[in-house]
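Shown next, in structure tokens, is the structure this report addresses.
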Amino acid sequence: MDEKTKELIAIGASVAGHCQPCLTYHVNEAKKLGLSHGEIEAAVAVGKMVEKGAMAAMNKFADDLLKKEETPQKLSVYDPAMCCSSGVCGPQIDPALVEFAGALKVVAERGIVVQRFNLSQQPKAFAEHPQVKQFLNEQGSKALPLIFINDALALSGRYPTAKELFDMLKIEESALPERDSLFKNLRLKATPPRKTDVSCCGGSDEGGCC
């Protein structure tokens, strides 16, 4: 590459990089090498085009980044058939459900949109969600609960612990309440986990809930 070509490239790079001292220096050097006004002007035009393309890409990146930060996270929970929206009811209360309900309260307080669907009360929501419908067709109710974060499946077949849920949502460790406080917030005393064939109301899963 000859010196004239190098200077023309440097002129274009100076324009694209917004370096005024660089541009002044390389234009003077180009003139010393005998480059014409038209050649220098063409190099400046190329630099402007590069700058315009880079700026458009940066503007889009910045807008998308801000939009992403402004959009609240969404947590969607597809529960198995339960007699109430949280499953924290009946003579036998599963500690996992109590902890999960308390964790959801913490999550909602941090501005995250929480949606919860109960198979026995909102079957339409399950039928209208392609991925949920597929899980039910392939695995039945054993696939539930299904936990989605921003419409992406995060967990299936069990409820996450409070810490697992907070980790999924990137809630800082310092924001985590003590596990016992989750139970205290609901003013409920957890009992030993129910057997797998017992529903939230104490009956058989096969017979439905309540």
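Things worth noting here:
- J(HN,Hα) series, the range 118-125, from Karplus relation 6.51 cos²θ - 1.76 cosθ + 1.60, nearest Hz, glycine and proline x: 9, 4, 6, 10, 9, x, 4, 5
- Amide proton proximity set for VAL114, modelled H, under 5 Å, gap of 5+: LEU75
- Among the listed pairs LYS74/LYS142; LYS60/LYS133; LYS48/LYS170; LYS32/LYS52, a Cα-Cα separation exceeding 32 Å is found for LYS60/LYS133; LYS48/LYS170.
- Computed over the range 1-112: relative contact order in percent, which uses C-alpha pairs under 8 Å that are six or more apart: 22
FYI, it's all coordinate maths here, none of it is from the lab. Please read these numbers as outputs of a predicted model, since none were measured by experiment.
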